[in-house]
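> First, the structure itself, so that you have it in front of you.
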Amino acid sequence: MIEVVLNDRLGKKVRVKCNEDDTIGDLKKLVAAQTGTRADKIRIQKWYTVFKDHITLKDYEIHDGMGLELYYN
Amino acid sequence: MANRTDPAAKSIHGTNPQNLVEKILRSKIYQNTYWKEQCFGLTAETLVDKAMELDHLGGTYGGSRKPTPFMCLILKMLQIQPDKEIVVEFIKNDEYKYVRVLGAFYMRLTGSVTDVYRYLEPLYNDYRKLRLKLSEGKFCLTHVDEVIDELLTKDYSCDIALPRVQKRWTLEACGLLEPRRSALEDDFEEEEEKEEEEQAMDSVEDDTHEKASIPFIFLCYNYYRGRSPIRERDRDRRRDRQYRDRDYERDYGRGRERDRDRDRDRDRERDRDKDRDRDRDRERDRHRLRDDRDYGRERERERDREGRERERRDRERGRRRSRSRSRSRDRRDRDHEDGDHRKRRTRGSVSPRRRPEDDGSTRDEPKKKKEKKEKKSDGTDHPDPEIAEANRLRASLGLKPLK
């Protein structure tokens with residue numbers, strides 16, 4: 001179980017607990033549940049890398065405590 | 001300049017009509033080449049030509065959320081705000097189905113509630129196929145009536161948040177709308193009559209429950225006949241008593257099949273003989289309860305109108321029935337349904353639930369958005385409250401528990 005921090009630089013900072021083998025799509029659902037936006041409106045990035053929905057966190061090497069950027073579609 | 005709303009346009013739902021499409025999506029559309037090239041300087045007439053060239057529906061697609069031409073045309077219509085007559089013409093036209101759906105979508109966004117129901121419900125009878133572009137960029141198949149159903153029941157479609165419309169029964173209660181009439185009403189009747197002929201009469205129900213059924217009269221499928229509610233009620237009382245028991249339970253089982261395969265049922269129903277003189281209220285209403293499109297609406301209506309009496313009665317009936325002769329499948333379905341009823345009562349909102357299997361094994365699916373059978377084994381009773389909370393959320397989303 002890892003905890004990821006998502007920040008949209010506009011006031012929304014969200015800490016989400018998830019498994020390493022969760023996909024980005026699952027992470028988006030969890031974020032959507034916590035922030036109230038719709039899951040398909042969320043875009044998770046790290047600098048210019050936009051994370052794709054079907055790849056797991058483990059494959060992206062997202063570790064515990066890592067900060068990700070939250071953007072909207 | 002090109003993106004400003006027509007200065008003569010009225011505000012819709014209290015805001016600039018273009019604001020119905022949210023900011024990010026609107027910016028995406030403004031930057032889209034289709035918008036810049038094709039949608040510049042469109043008027044209502046030239047818009048029709050563009051609409052006729054449409055060949056698919058959809059919201060945004062791809063990694064960069066590119067909007068479809070359908071969305072661009074919707075925004076253009078919001079910008080120029082054509083008259084209601086023009087929009088109704090779009091909807092009424094039979095030849096171009098995408099123009100029809102475009103008109104229907106625009107009506108749903110901008111029309112008043114009564115207009116929405118009045119103009120969109122006839123489109124339920126349109127079964128033509130449509131091409132829908134998914135968010136991955138692939139195409140999938142849908143139908144006009146499915147799209148209309150989505151527009152009327154959900155509050156989000158094609159990446160646009162639809163304005164709220166009241167439930168149909170609220171409007172009927174206010175007298176703003178006539179009761180729902182469906183073209184399939186006759187087919188349902190035939191089916192019920194067939195069932196009645198096949199089985200013997202069951203035990204008579206006591207009269208007290210008749211009263212609870214009266215509001216259902218107003219929800220009848222009276223498409224071809226203009227029978228008055230009073231006559232319906234009398235007929236209901238006289239004939240329904242004997243049939244209701246058996247049919248109610250049977251309909252539940254059958255209804256599920258109907259949910260699963262509407263087309264198959266429609267064909268089957270059409271093949272039955274027509275017999276117009278039968279009472280149809282109860283059975284029809286129950287059928288409608290199971291009907292795809294009305295599922296959510298009818299469920300709410302039932303709960304609100306009939307309250308506990310009905311569910312209690314059903315349970316009793318179910319218990320009585322299990323002792324008498326009945327098909328095993330019905331019994332399982334019935335128990336299933338009764339438990340469902342009981343649990344549904346406590347839920348505030350309604351969502352049309354599809355049952356993937358027809359046996360009684362999924363009894364325990366109370367308030368979850370998705371079926372989650374291993375509720376107890378998914379870590380929701382973890383000692384750490386935070387983790388338990390997180391696991392509950394995950395379970396509701398359909399994810400496995402935390403490790």
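Derivation of every value follows stated rules applied to the coordinates shown; laboratory data play no part. Here the structure is a predicted model, which means the values were calculated and not measured. As a convention, Cβ positions derive from the backbone with ideal geometry for all residues, glycine included, and neighbour counts pool all protein chains shown.
> Counting only residues that are part of a helix (DSSP H, G or I) and of a type in the set (S, T, N, Q), which one in the range B:11-36 is surrounded by the fewest Cβ atoms within 10 Å (Cβ to Cβ)?
Once the filter is applied, the top-ranked residue is B:T33.
> Within the range B:122-144, which residues are over 20 Å from B:G62 (Cα atoms) and either surrounded by fewer than 18 Cβ atoms within 10 Å (Cβ to Cβ) or within 14 Å of chain A (Cβ to nearest Cβ) (or both)?
Across the range B:122-144, the qualifying residues are B:P122, B:N125, B:D126, B:Y127, B:R128, B:K129, B:H143.
> Let me ask another. With the checklist (1) out of contact with any Leu (no Cβ under 7 Å at 6 or more places or on another chain); (2) more than 11 Å from every other protein chain (Cβ to nearest Cβ); (3) closer than 25 Å to B:S157 by Cβ in hand, flag the one item A:A32 doesn't pass.
So A:A32 meets the others, but not (2).
> Counting just the residues of the range B:29-78 that are under 25 Å from B:L141 (Cα atoms) and of a type in the set (S, T, Y), which one comes out farthest from the other protein chains (Cβ to nearest Cβ)?
B:Y34
> Starting from the range B:152-181, keep only residues that are over 30 Å from B:L132 (Cβ atoms), then list their pairs with residues that are among the charged types (D, E, K, R) whose Cβ atoms are within a distance under 6 Å, requiring at least 6 positions of separation or different chains.
Note: pairs meeting the criteria are B:P179/B:E172.
> Identify the residue in the range B:9-23 that is in contact (Cβ under 8 Å) with a residue 24 or more places away in the chain and over 29 Å from the mean Cα position of the chain (by Cα) and, among all such residues, is nearest to the other protein chains (Cβ to nearest Cβ).
Here the residue is B:A9.
> Kindly indicate whether A:T49 is more than 9 Å from every other protein chain (Cβ to nearest Cβ), exposed (fewer than 15 other Cβ atoms within 10 Å of the Cβ) and among the β-branched types (V, I, T).
yes
> Within the range B:49-97, restricting attention to residues that are farther than 15 Å from B:R131 by Cβ and part of a strand (DSSP E or B), which residue is farthest from the chain's Cα centre (by Cα)?
Selected residue: B:K66.
> Search the range B:386-400 for residues that are closer than 12 Å to A:C18 by Cα and pair each with any residue that is among the basic types (K, R) and surrounded by 16 or more Cβ atoms within 10 Å (Cβ to Cβ) when their beta-carbon atoms are under 8 Å apart and the residues are at least 6 apart or on different chains.
If the second residue must be among the basic types (K, R) and surrounded by 16 or more Cβ atoms within 10 Å (Cβ to Cβ), the pairs left are B:I387/A:K17; B:A390/A:K17; B:L399/A:K29; B:K400/B:R394.
> Looking at (1) surrounded by fewer than 16 Cβ atoms within 10 Å (Cβ to Cβ); (2) out of contact with any Asp or Glu (no Cβ under 9 Å at 6 or more places or on another chain); (3) touching a residue at least 60 places away in the same chain (Cβ under 8 Å), which is the one condition that is false for A:G11?
So A:G11 meets the others, but not (3).
> Could you please find all residues in the range A:35-46 being part of a loop (DSSP other than H, G, I, E, B) and within 12 Å of chain B (Cβ to nearest Cβ)?
A:T37, A:R38
> In the range A:14-24, how many are crowded, with 18+ Cβ neighbours inside 10 Å and more than 8 Å from chain B (Cβ to nearest Cβ)?
Count: 3.
> Further question on the same structure: Condition (residue is surrounded by 15 or more Cβ atoms within 10 Å (Cβ to Cβ) and over 15 Å from the mean Cα position of the chain (by Cα)) applied to the range B:149-158: is it met by at least one residue?
Yes.
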